[in-house]
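**Q** Right, I'll just put the structure down here and ask away after.
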Amino acid sequence: MLTVAVLISGAGSNMRALLEAAADPAFPARIVVVGADREADGVAHAEDFGIPTFLVPFGQFDSREAWGAEVSAQLAIWKPDLVVLSGLMRLLPSALVEEWAPRIINTHPAYLPEFPGAHGVRDALIAGVAQTGASVIVVDNGVDTGPILAQERVPVLPGDDQHTLHERIKPVERRLLIDVVRRIADGELDLAAAAAAPAS
């Protein structure tokens, strides 16, 4: 059984979908802890499922590195096989990434390498593209530059704004995330091999 830690900053809607999937006894992974970098509404989802939580408030640390060291220490208590970033709006310090790599994955609301960064949905609309997408990646020390594990196109429709487009992307993100976690747990997807593969 693959053990998973989830890190969040906000509402945790992707995490909620993963919690629901993992509640099925047939699903080959279980979430063992949820951590947040601030008071986050999504913590309530973990509590709904009886999952332990921890809070490492970013603002209480003198540096990103000190914050990351405490997050890593909290994760180490639970020894997860996989760390999922689910709307964590915080760039992880390199020491944390290197300690847990390649076992950290993240979702992104764009078809990477298109529109990386915190405003992928907005940037797609500004660019006037006909389609964008959703991706699941291995986290590295860049901004959405890690190896791509899964992705899918999502059309941009006439009249779309950031809200309507993002609401159509989110279900795709959730489905891809659940499938990637399942494939990792089943041994169909080797994170070390994916991380070592040359970029296409």
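**Q** Is it fair to say Ile148 is open to solvent by less than 50 Å² (accessible area, probe 1.4 Å) and of a type in the set (A, V, I, L, M)?
**A** Against the criterion (open to solvent by less than 50 Å² (accessible area, probe 1.4 Å) and of a type in the set (A, V, I, L, M)), Ile148 does not qualify.
**Q** Working only within segment 34-56, note down all residues that are of a type in the set (Gly, Ala, Ser) and either surrounded by fewer than 18 Cβ atoms within 10 Å (Cβ to Cβ) or outside any loop (DSSP other than H, G, I, E, B) (or both).
**A** Scanning segment 34-56 gives Gly35, Ala36, Ala44, Ala46, Gly50.
**Q** Tell me which residues, restricted to segment 14-33, are open to solvent by 60 Å² or more (accessible area, probe 1.4 Å) and either closer than 17 Å to Arg103 by Cβ or of a type outside the set (A, V, I, L, M) (or both).
**A** Listed by number, the residues that qualify are Arg16, Glu20, Asp24, Pro25, Arg30.
**Q** Criterion first (modelled with pLDDT under 95, closer than 30 Å to Thr3 by Cβ, open to solvent by 60 Å² or more (accessible area, probe 1.4 Å) and more than 13 Å from the chain's Cα centre (by Cα)) does Ala199 satisfy it?
**A** Yes; evaluated as a whole, the condition is true for this residue.
**Q** Among the candidates Val143, Val181, which residue alone is open to solvent by 60 Å² or more (accessible area, probe 1.4 Å) and either under 20 Å from Val6 (Cα atoms) or touching a Phe, Trp or Tyr at 6+ places or on another chain (Cβ under 8 Å) (or both)?
**A** Just a single option satisfies the conditions, and that option is Val143.
**Q** Which pairs do you get when a residue that is closer than 12 Å to Asp37 by Cα, found in segment 85-101, comes within reach of a residue that is of a type in the set (Ser, Thr, Tyr) and in a loop (DSSP other than H, G, I, E, B), reach meaning Cβ atoms under 6 angstrom, with the pair 6+ apart or on two chains?
**A** Gly87/Ser9; Leu88/Ser9; Met89/Ser9
The values are calculated or read from the model by the stated rules, or taken from the named source; none is laboratory data. This structure is a prediction, so every number in the text was calculated from the model and none was measured. As a convention, Cβ positions derive from the backbone with ideal geometry for all residues, glycine included, and neighbour counts pool all protein chains shown. In case anyone asks, the SASA skips ligands and DNA or RNA and just uses the protein heavy atoms, side chains included. Shrake-Rupley method; radii C 1.70, N 1.55, O 1.52, S 1.80 Å.
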